[in-house]
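The values are calculated or read from the model by the stated rules, or taken from the named source; none is laboratory data. Note that this is a predicted model, so its numbers are computed, not measured. Glycine gets a Cβ as well: all are built from the backbone with ideal geometry, and neighbour counts include every protein chain shown.
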Amino acid sequence: MFRKIYDQMDEILNNEKIVFIVWPRQVGKTTFMKKILDSLKTQDKQFLNLENFEYHNFFKSFSNFQSFVASNYSWSWKYFLFLDEFQKVKGIDNILKLIYDEMPFVKVILSWSNNIEINKNIKESFAWRKRVYNMFPLDFDEFLIWKENIDSENLESFKRNLINKNKILNYVEEFMTYWGYPEVVLAKNNEEKKQILSDIFDFWFNRDIVIYTQKLFEFKELTKQLSFRIWNTINYTEIASLSNLSSPTVKSFIEVLKETFIVFTQKPFFNNKLKEINKSPKLYFYDFWFRNWFINRFDFSSEEKWILFENMILSEFIKKWYNFDSLKFWRTNDEKYEVDLVFDLENKIFEFKYKDELKQTDKRWIEKFKELYPDFEWKIIYKENFLEII
């Protein structure tokens, strides 16, 4: 099935850096790597799933790796090595640096599923040796292609056809509820979707969380508290009290959620510290299914759908630009005025409204922002125009 990242296959193969394909489990990284592998005409290629500890011996020393390559390489122009879940191998970062520096004929393509170990061991030392590609779950365009089983070339005509309007809006609600994990999108019914989501959660929790904390009950309670506070700024003291944790521990647990690609935070935009919120970020989920599954809520009020819609649009922006620091919100300290998204990289602001028609009052917060920051362009994203934006 089509993924936008497939259009980058030639770029991935032809650049000279070590390629890192990043995002959580079950989004299709392994499938994508094998698709690249199959596209190569050469026999000098190898795929290793490093969940299999038998392969770890190849990376215990550089001489071990050289011997491994010598036994598998026919000495053509390039040897392509695909390493799935490479972070499983202790000390592999040193081997990878030597490969890059001393074996330029070896093209290495790696995948990983969380940033915690990477940030400890690899981020700085690979600063100029690596190129990172983020493989997100399906965005809404990809979701439509999968649901309708259409070619990407026919997507725009499908979206523009007014006959499809109600169908697309129904898809929006399905997407906001279950989101874009490939296996979930292809599931036959809602119960099957929930079971797959449960399996994904268990896999994430048992592989990526239990090794970082012994406070599993408190971690789950923290996540539940965050699930009920989407759109609100994070009150670390309040959440700490409700989760029976200290504020520093709350912050560290939120970092674990961020580094395992479950949540992201949105920083405030401000120029006036006395009148505008300038410290507390807001928190959202990359894929809202996690929140929905965690609190077992798959039917929503109108108010909740508005929050789901906001989370969805922000997540779609990230999938397109992947620049957290430029995607901010604006709110006055008295909470009378707020703008959902300040894209300060391009001097644009966006307000999200999950409704069919707009009223003049929907613009009042934007008008207040424009009084203070007249150079910004503005746009309200709602049911009638959101496809133009994402």
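General remarks:
- In this structure, Lys258 does not qualify as of a type in the set (D, E, K, R), over 21 Å from Tyr181 (Cα atoms) and at pLDDT 90 or above.
- Residues that are modelled with pLDDT of 90 or more and out of contact with any helix residue (DSSP H, G or I) (no Cβ under 9 Å at 6 or more places or on another chain) number at least 1 in the following helices (runs of 4 or more DSSP H) confined to the range 152-221: 155-160, 165-178, 190-204.
- The range 320-343: number of residues that are in contact (Cβ under 8 Å) with a residue 40 or more places away in the chain, under 15 Å from the mean Cα position of the chain (by Cα) and surrounded by fewer than 20 Cβ atoms within 10 Å (Cβ to Cβ): 4
- Qualifying residues in the range 292-307 (those that are over 22 Å from Lys383 (Cβ atoms) and within 21 Å of the chain's Cα centre (by Cα)) - the one surrounded by the fewest Cβ atoms within 10 Å (Cβ to Cβ): Ile295
- Residue selected from the range 26-42 under the condition surrounded by fewer than 19 Cβ atoms within 10 Å (Cβ to Cβ) and not hydroxyl-bearing (Ser, Thr, Tyr), by the criterion farthest from Gly180 (Cα to Cα): Lys41
- Subset of the range 43-54 [touching a residue at least 12 places away in the same chain (Cβ under 8 Å) and either assigned to a loop (DSSP other than H, G, I, E, B) or more than 27 Å from Glu183 (Cα to Cα) (or both)]: Gln43, Asp44, Lys45, Leu50, Glu51
- Sole residue being hydrophobic (A, V, I, L, M, F, W, C) and more than 17 Å from Asp287 (Cα to Cα), chosen from Leu186, Leu216: Leu216
- Considering residues of the range 174-219 that are touching a residue at least 60 places away in the same chain (Cβ under 8 Å) and surrounded by fewer than 14 Cβ atoms within 10 Å (Cβ to Cβ) only, the residue nearest to the chain's Cα centre (by Cα): Ser198
- Check on Val263, assigned by TED's automatic domain parsing to the domain that holds Val342, buried (at least 17 other Cβ atoms within 10 Å of the Cβ), touching a residue at least 12 places away in the same chain (Cβ under 8 Å) and within 17 Å of Lys328 (Cα to Cα): yes
- Count of residues meeting criterion [surrounded by 15 or more Cβ atoms within 10 Å (Cβ to Cβ) and more than 29 Å from Pro24 (Cβ to Cβ)] in the range 159-173: 1
- Taking first residues from the range 22-39 that are closer than 14 Å to Gln8 by Cβ and not assigned by TED's automatic domain parsing to the domain that holds Lys319 and partners that are among the acidic types (Asp, Glu) and buried (at least 19 other Cβ atoms within 10 Å of the Cβ), the Cβ contacts under 8 Å between residues at least 6 apart in sequence or on separate chains come to Lys29/Asp84; Met33/Asp84.
- Taken as a whole, the range 59-73 holds no residue that is of a type in the set (Ser, Thr, Tyr) and within 32 Å of the chain's Cα centre (by Cα).
- All positions within the range 58-90 that are modelled with pLDDT under 95, aromatic (Phe, Trp, Tyr) and either in contact with a Leu (Cβ under 7 Å, 6 or more places away or on another chain) or assigned to a strand (DSSP E or B) (or both): Phe86
- Any hit, the range 91-99, residues being within 31 Å of the chain's Cα centre (by Cα), in a strand (DSSP E or B) and acidic (Asp, Glu): no
- Lone qualifier among Phe136, Phe105 - being of a type in the set (A, V, I, L, M, F, W, C), more than 20 Å from Leu50 (Cα to Cα) and touching a strand residue (DSSP E or B) at 6+ places or on another chain (Cβ under 8 Å): Phe105
- Evaluation of Ser315 against (1) under 20 Å from Leu197 (Cβ atoms); (2) without any contact (Cβ under 8 Å) to a residue 24 or more places away in the chain; (3) of a type in the set (S, T, N, Q) (one fails), failing number: (2)
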